[in-house]
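Everything on this sheet refers to the single structure shown next.
Nothing in this text is a laboratory measurement; each read-out follows from the coordinates by a stated rule. It should be emphasised that the depicted structure is a prediction, and the values quoted were computed from it without experimental measurement. Note: ideal-geometry Cβ built from the backbone for every residue, glycine included; neighbour counts use all protein chains shown.
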Amino acid sequence: MFCFLKGKFVEANKALISIAEGGFRFGDGIFDSLCVYKGKIYQWDFHLQRIKEGLEAIKINIDLSTLEDNCCKVGRAHV
């Protein structure tokens, strides 16, 4: 089993995060579900806007510039 961590696939039993991570310490985070079809995310702009609004609401500032590409990588890995 693998997971996608910090931009790359890692064996699940080797995937480690720092105890200082906010999501680990406080349970902060957002959840979105999307569909990747033929290498493209269905309604990406809609999802990205919702993700941005969710992050803003819980005051998480993160670079989203690689998010679309990373979501597509995960989608291709499960085909």
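For Asp69 and Glu21, what is the calculated FRET efficiency with R₀ set at 30 Å and r taken between the beta-carbons, to the nearest 0.05? Computed FRET efficiency for Asp69 and Glu21 comes out at 0.85.
Put +1 on the Cβ of every Lys and Arg and -1 on every Asp and Glu Cβ in the chain; which of Leu34, Ile62, Phe2 then has its Cα farthest towards the positive end of the dipole? Result: Phe2.
Between the DSSP loop rule and a limit of at most 11 other Cβ atoms within 10 Å, which chymotrypsin sites (Phe, Trp or Tyr not before Pro) in the chain are left?
The qualifying sites are Phe31, Tyr42.
For Lys38 and Cys3, a Förster radius of 22 Å and the Cβ-Cβ distance give a FRET efficiency of 0.40, rounded to the nearest 0.05.
Out of the trypsin sites (Lys or Arg not before Pro) in the range 39-78, which ones are loop residues according to DSSP with at most 14 other C-beta atoms within 10 Å?
Lys59
Let's see if you can work this out: charge +1 on each Lys and Arg Cβ, -1 on each Asp and Glu Cβ, no other charges. What is the dipole magnitude of the chain about its Cα centre, in debye to the nearest 20?
That gives a dipole near 280 debye.
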